[in-house]
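Q: There's a structure below that I have some questions on.
The values are calculated or read from the model by the stated rules, or taken from the named source; none is laboratory data. None of the values given here were measured: they were computed from a predicted structure. For neighbour counting, all protein chains shown are included, and Cβ atoms are generated from backbone atoms with ideal geometry for every residue, glycine included. The accessibility values were calculated without ligands, DNA or RNA, using every heavy atom of the protein model including side chains. Shrake-Rupley method; radii C 1.70, N 1.55, O 1.52, S 1.80 Å.
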Amino acid sequence: MSFVWPDLLWLLLAVPALVLMYLWLLHRRKKNTVRYASLALVKQAAGKGPGWRRHVPPALMLLAIATLLVATARPTAIVTLPSQQETIVLAMDVSGSMRATDVQPNRLVAAQEAAKAFVKELPRSVRVGVVSFAGTAAVVQPPTQNHEDIFASIDRFQLQRATAIGSGIVLSLATLFPDAGIDLSQITGARNMPLGPGETPKKEKAPVEPGSYTSGAIILLTDGQRTTGPDPVDAAKMAADHGVKVYTVGIGTKDGEVIGFEGWSMRVRLDEDTLKQISNLTRAEYFYAGTAADLKKVYQSLSSRLVVEKKETEISGLFAAAAALLVAMAAGLSVAWFGRVM
């Protein structure tokens with residue numbers, strides 16, 4: 001725990017002074033009692049004294065004062081809070097190698113099932129968009145809160161040739177920021193259309209702190225390495241400039257091998273170095289999934305990260321509430337035991 005105004009903690013020196021004052025008042029009261037001619041008669045008239053109970057309400061009040069003084073220093077702590085994520089884009093590899101069966105029943109089906117299970121765990125308030133990429137990238141589902149539409153879009157994946165990881169990141173970013181003027185010509189290969197009458201070019205967004213955008217995130221899943229399209233690292237830098245975290249998930253073969261099916265073969269290798277670089281640049285994380293069970297665990301972990309988040313938060317209110325509770329307890333016990341508020 002840290003403090004915004006730590007210098008105010010010097011005020012806690014008032015607590016020992018209050019304790020000494022309380023002890024002095026007790027001593028003075030005892031001294032005044034001794035003035036009676038017969039102390040035995042006083043005890044007999046007063047009956048059995050309150051004993052230790054008389055010290056409880058003042059002790060609670062002193063503790064309440066100390067708690068309030070700590071609150072004035074504005075304490076902060078790392079606490080778990082509901083995430084502010086509003087939109088998540090799933091960018092999923094649909095290259096031909098996703099048909100490989102080293103992840104049962106095959107990579108594509110395992111990825112589809114894990115992605116749908118992930119969506120089920122999200123609050124209904126979170127919008128989910130789906131981008132597929134192979135030789136190019138396409139938005140198969142714009143961000144929506146309708147889980148049925150999301151599931152249907154994931155089930156519609158069509159395998160294609162090549163792997164354009166960078167295209168998947170750029171299009172996912174454009175999906176999060178549709179009005180940011182992100183240049184998609186590097187994905188489609190087409191030149192930007194000329195402006196119409198009265199149109200003005202869109203201003204590019206000024207770079208922000210990487211990972212600082214809390215209203216959206218991208219989850220990128222792939223089983224290979226880039227064979228076409230823009231450089232994934234350059235695309236990651238673009239996402240970092242927008243403050244968007246890109247969580248990367250690698251599935252399948254790490255070391256590289258020849259995978260054959262339906263009469264043809266291809267050599268595939270998971271480019272972990274690039275995926276780690278993407279996640280590091282955007283202040284996110286990289287996950288590896290070697291089996292279908294691993295992949296489900298990865299998505300479960302991502303769900304917990306995106307539904308709640310840990311952040312440094314001022315907790316002065318909690319200390320103030322605790323002080324109020326202590327005051328109420330002190331007053332309540334005083335009334336219950338002695339018939340008065342201290």
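Q: What number of residues within the stretch 260-274 satisfy the criterion of being at pLDDT 65 or above and over 30 Å from the mean Cα position of the chain (by Cα)?
A: Count: 5.
Q: With (1) touching a Ser or Thr at 6+ places or on another chain (Cβ under 8 Å); (2) modelled with pLDDT of 90 or more as the list, and residue 88 as the residue in question, which single condition is left unmet?
A: Condition (1) is where residue 88 drops out.
Q: If we scan the stretch 161-169, do we find a residue that is in a strand (DSSP E or B), in contact (Cβ under 8 Å) with a residue 40 or more places away in the chain and either closer than 22 Å to residue 250 by Cα or charged (D, E, K, R) (or both)? Let's see the steps before the verdict.
A: Residues of the stretch 161-169 in a strand (DSSP E or B): none.
Scanning the stretch 161-169, I find no residue that is in a strand (DSSP E or B), in contact (Cβ under 8 Å) with a residue 40 or more places away in the chain and either closer than 22 Å to residue 250 by Cα or charged (D, E, K, R) (or both), so the answer is no.
Q: Can you find a residue in the stretch 113-135 that is free of Cβ contacts under 8 Å to residues at least 24 places away in the same chain, open to solvent by less than 10 Å² (accessible area, probe 1.4 Å) and in a helix (DSSP H, G or I)? Before you say what the answer is, go through the steps one by one.
A: Filtering the stretch 113-135 for residues free of Cβ contacts under 8 Å to residues at least 24 places away in the same chain gives 124.
Restricting the remaining residues to those that are open to solvent by less than 10 Å² (accessible area, probe 1.4 Å) gives none.
No, the stretch 113-135 contains no residue that is free of Cβ contacts under 8 Å to residues at least 24 places away in the same chain, open to solvent by less than 10 Å² (accessible area, probe 1.4 Å) and in a helix (DSSP H, G or I).
Q: Which of the residues spanning the stretch 91-120 are within 31 Å of the chain's Cα centre (by Cα), of a type in the set (D, E, K, R) and more than 18 Å from residue 165 (Cβ to Cβ)?
A: 113, 116, 120
Q: Counting only residues that are in contact with a strand residue (DSSP E or B) (Cβ under 7 Å, 6 or more places away or on another chain) and either open to solvent by 80 Å² or more (accessible area, probe 1.4 Å) or under 23 Å from residue 109 (Cβ atoms) (or both), which one in the stretch 302-313 is modelled with the highest pLDDT?
A: Let us first name the residues in the stretch 302-313 that are in contact with a strand residue (DSSP E or B) (Cβ under 7 Å, 6 or more places away or on another chain), namely 302, 306, 308-313.
Of the ones still in play, those that are also either open to solvent by 80 Å² or more (accessible area, probe 1.4 Å) or under 23 Å from residue 109 (Cβ atoms) (or both) are 302, 310, 312.
Numbers: 302: 85, 310: 62, 312: 73.
Within the stretch 302-313, the match that is modelled with the highest pLDDT is 302.
Q: Against the condition without any contact (Cβ under 8 Å) to a residue 24 or more places away in the chain, open to solvent by 20 Å² or more (accessible area, probe 1.4 Å), farther than 16 Å from residue 270 by Cα and in contact with a Ser or Thr (Cβ under 7 Å, 6 or more places away or on another chain), how does residue 109 come out, does it pass?
A: On the way: without any contact (Cβ under 8 Å) to a residue 24 or more places away in the chain: yes; open to solvent by 20 Å² or more (accessible area, probe 1.4 Å): yes; farther than 16 Å from residue 270 by Cα: yes; in contact with a Ser or Thr (Cβ under 7 Å, 6 or more places away or on another chain): no.
Considered against the rule, which asks whether it is without any contact (Cβ under 8 Å) to a residue 24 or more places away in the chain, open to solvent by 20 Å² or more (accessible area, probe 1.4 Å), farther than 16 Å from residue 270 by Cα and in contact with a Ser or Thr (Cβ under 7 Å, 6 or more places away or on another chain), residue 109 comes out as no.
Q: Under 9 Å by Cβ, and 6 or more places apart or on different chains, what pairs join a residue from the stretch 78-93 that is open to solvent by less than 80 Å² (accessible area, probe 1.4 Å) with one that is of a type in the set (Asp, Glu) and at pLDDT 60 or above?
A: Cβ pairs passing all conditions: 79/312; 93/223.
Q: Then there's this: Looking at 254, 296, which one is touching a helix residue (DSSP H, G or I) at 6+ places or on another chain (Cβ under 7 Å), open to solvent by 80 Å² or more (accessible area, probe 1.4 Å) and either polar (S, T, N, Q) or modelled with pLDDT of 80 or more (or both)? Walk me through how you get there before you give the answer.
A: Values: 254 fails: either polar (S, T, N, Q) or modelled with pLDDT of 80 or more (or both).
Of 254, 296, the one residue that is touching a helix residue (DSSP H, G or I) at 6+ places or on another chain (Cβ under 7 Å), open to solvent by 80 Å² or more (accessible area, probe 1.4 Å) and either polar (S, T, N, Q) or modelled with pLDDT of 80 or more (or both) is 296.
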